[in-house]
Each structure stands twice: as structure tokens, then as C-alpha cells.
Amino acid sequence: GFGQIFTDHILYMEFDRAKGGWGPAEIRPYGLLNLEPGSACLHYGQIVWDGLKCYRSEDGLRLFRPRENFKRLNYSARRMCMPEVDVEYMLAALKELLKVEARWVPKTLGTSLYIRPCMLASEPFLGLHKANRYILFIMLSPSGPYFKEGFKPVKILVEDKYVRAAIGGTGEAKTAGNYAASLKSTDEAMEKGFSQTLWLDACERKYIEEVGAMNMAFVINGEVVTPPLNGSILAGITRKSILEICKHLNIPAVERKISIGEVIKGIQNGNLTEAFGMGTAAIIAPVGSIYYKENNYTINNFEVGPIATQLYQELTGIQYGSKPDIFGWIEKVE
Ligand SMILES: Cc1ncc(COP(=O)(O)O)c(C=O)c1O
């Protein structure tokens, strides 16, 4: 399963405000971190992370838009009063780690090496203020194909009791607390046989936000519709790439608010023909049905639609090198 095995080494660096900032990055064997029980991250949640993948193609190892991930790590860090990193330095250091761990990048199509940068407050103190000392590490985990039985739709549950994030909160940052806040809903959804929770906005419980670890899109009257980046959802790199691919392929695409009422009406009158999640883990995850207030609504006869299929092929084609990198998204690890 995903995220169960970690490679032999991590990238490791420390920040100390008193010493003027970040120390050098070093490659260390995977092992225990040196954290005191009083470390601020354990009490006050100053933890941010990100996620990207290294793909093996015929011409070697490649990363997909890695600068975007380090920029987003910096965005998350700013929101959580944590120090930023130098994007180019981190990318160069990550490449060194990947060269050491190259044998861990799996070969078959659909597989990859998942990369998890994570920053946390290590300074020991009790008190509600930002820490002065931090640890940043990057760990790696080989990842099998997301769709083991092929590219198949998933069932999701629309959450109308719990909320994940509100405008003005931390929803747009990739910080651990957001995921902790989502566990209760995800747990209950999984117990009922759904694979994910679809979040609604915290204020009116009306507008689509995102799913567990993916942004959402719907195809309505032939147009790809995705909720705007309103501050409470994550600015997904897959979402951003899909919007650019749509533009290139002349598939109409728009960022606008979309209510759960509009989604259900569209399914019922046949105007909504596809729904899919977008994220690094699955790239595109077609949604076959949504469950909302005791009713189940099936989309496109629980079959994968043509637009989701085309977008999946385009994006994975670029990532694995079977299609040309026309957008300049690929960073080779040489
Ligand atoms: C909450 C959330 N939304 C959306 C995404 C998708 O973002 P990306 O496409 O950058 O992986 C993720 C995963 O990283 C996520 O955790």
C-alpha cells in the first residue's frame, strides 16, 4: 500500500533563528528524529508539508513542476509563522537525495517515488508563540499505481455536518491540522463504504470546496467547472495543470462557485456528465456517485467519462515522457 515503505535516506536540515537561519542540507540514513517532548510542533501544531512525485521515464528520472511544491511549502510556512526555504537550493538538494535513492524509483507505468518534504517546530517550550528552531526533512516512499484495478470511478460522500476549513482559517496552507480536522468525517465516510469526503463551504454548507486530498471538477454542458481558490481550499498543482491543459486542448474550463444543488440538478437533468478529483496521488480520480443527505446520485452510469480520460492521458503522458513536455513542466534529475 501507499506510504508504508520509506527509502534508506532522508534530506535533513535545521533552522535556528539565533544562528541566522537555515543550516546546510545533508543526506542522512532514515531513522528517528531527535525531538524533545516539549517540541512546539507536538503541542501547537507548527507543521507544514508538501507532496510531489519522481517518475521514471525512458530518459531517466523526472520531477513534475517541483518548484511549485517548494513555493507552496513557503506559502504554508508563512501562514504558520515558520521560516521559508530557498526554492532553488531545495530543488538541488532534493536532486542529490534522488540520485542516492535512484534505485527506489519503480519502473512500471503508473508507479513513482512519492516525495514528502516536511517542516516542524523543534524548539522545546510551552507557550503560544512561534518557535525559533525548526527541522526540515524530505523522505521518500515508493508508490504503486493508484488504480490497482484500472482507472475506476470512486464513491464519495458529501459532508454536511463537519467542516474542514473556513475562509480566514488555514485551509489554503498544507498544514497538519487541516488533515487532523478532516479525519473524523473521512473515518465515518469510509465506514459507510465511501472512499472520500467531499467538503462544502464552512459558512453556508452549500458550495463545493474539495475532497480529502484532491481538488474537484465537474463537466457541465461540456465545460469543466472547478471551484475558485477562495482561501479555504488548497491551490492544487494538478488542478492548475489541468486548467492549462484544457486551455491548450480547447476544452472550455472555468473557475467559479458551484453549489451542491447545482451538482445534483445537473446529474438529474443530464447536463452534468462527469465529476473527478485532481491531485498528485491519483492525478485524476473519476467520481462515479455522490451521496448527499440520504440520497445517492450516480454520475455517467458509474463509468469514466471522455474528458477525465483525455485529461488523465495528457497529464500522465507528460509526466512519464510518452508525450512532449510542451509546457516546460518537467525537471530532469541528472
Ligand atoms: C487538501 C488537498 N487538496 C488538494 C490537493 C491536490 O494538490 P496537488 O494537485 O498539488 O497534489 C491535495 C494534495 O496535495 C490536498 O491535500
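FYI, it's all coordinate maths here, none of it is from the lab. Quantities reported herein were computed from a predicted structural model and do not represent experimental measurements. Please note: Cβ atoms are built from the backbone with ideal geometry, for glycine as well, and neighbour counts cover all protein chains shown.
At a glance:
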| read-out | value |
| --- | --- |
| Straight-distance crosslink candidates among lysines, where the alpha carbon sits under 25 Å from residue 152 and sequence neighbours closer than 8 are dropped | 53, 107, 192, 240, 265, 293, 323 |
| Counting DSSP beta bridges with both ends in region 154-320, the antiparallel % (nearest 5) | 70 percent |
| Fraction of alpha-carbon pairs over 25 Å apart in region 217-334 - percent | 24 percent |
| Cα convex hull volume per residue for region 1-151 (Å³) | 127 Å³ |
| Amide H contacts of residue 30 (H built 1.01 Å from N, under 5 Å, at least 5 apart or other chain) | 9, 10 |
| Convex hull (Cα only) mean projected area of region 84-161, reported in nm² to one decimal | 9.9 nm² |
| GNM top mover of 311, 183, 52 - the chain, alpha-carbon springs below 10 Å | 183 |
| Size of charge dipole - the chain - debye, nearest 20, with Cβ of Lys, Arg +1 and Asp, Glu -1, no other charges | 100 debye |
| Calculated FRET value between residue 310 and residue 43, using beta carbons and R₀ = 51 Å, to 0.05 | 0.60 |
| All lysines inside 29 Å of residue 130 as judged from Cα atoms, apart from same-chain residues fewer than 8 positions distant | 19, 71, 174, 184 |
| Axial C-alpha extent at least 18 Å, average Kyte-Doolittle at least 0.5 - helices from the chain (DSSP) | 87-100 |
| Label point at residue 96 placed 7 Å out along Cα→Cβ; residues across region 137-163 whose backbone nitrogen lies under 14 Å | 138 |
| Long-range tail of P(r) for the chain (Cα pairs > 24 Å, %) | 57 percent |
| Inter-label distance for residue 30 and residue 203, nm, one decimal - labels placed 7 Å from Cα along Cα-to-Cβ | 4.4 nm |
| Region 206-224 residues near the modelled residue 235 label - backbone nitrogen below 16 Å, point 7 Å along Cα→Cβ | 215 |
| Mean ellipticity per residue at 222 nm, deg cm²/dmol - from DSSP H runs of n ≥ 4 across the chain, formula -39500 (n - 2.57) | -8000 deg cm²/dmol |
| FRET E, pair residue 249, residue 184, Förster distance 51 Å, beta-carbon r, rounded to 0.05 | 0.85 |
| P(r) of region 241-301 over all Cα-Cα pairs, binned every 10 Å from zero, in whole percent | 18, 46, 32, 3 |
| Radius of gyration, Dmax [region 112-214; alpha carbons; angstrom] | 17.0, 50 |
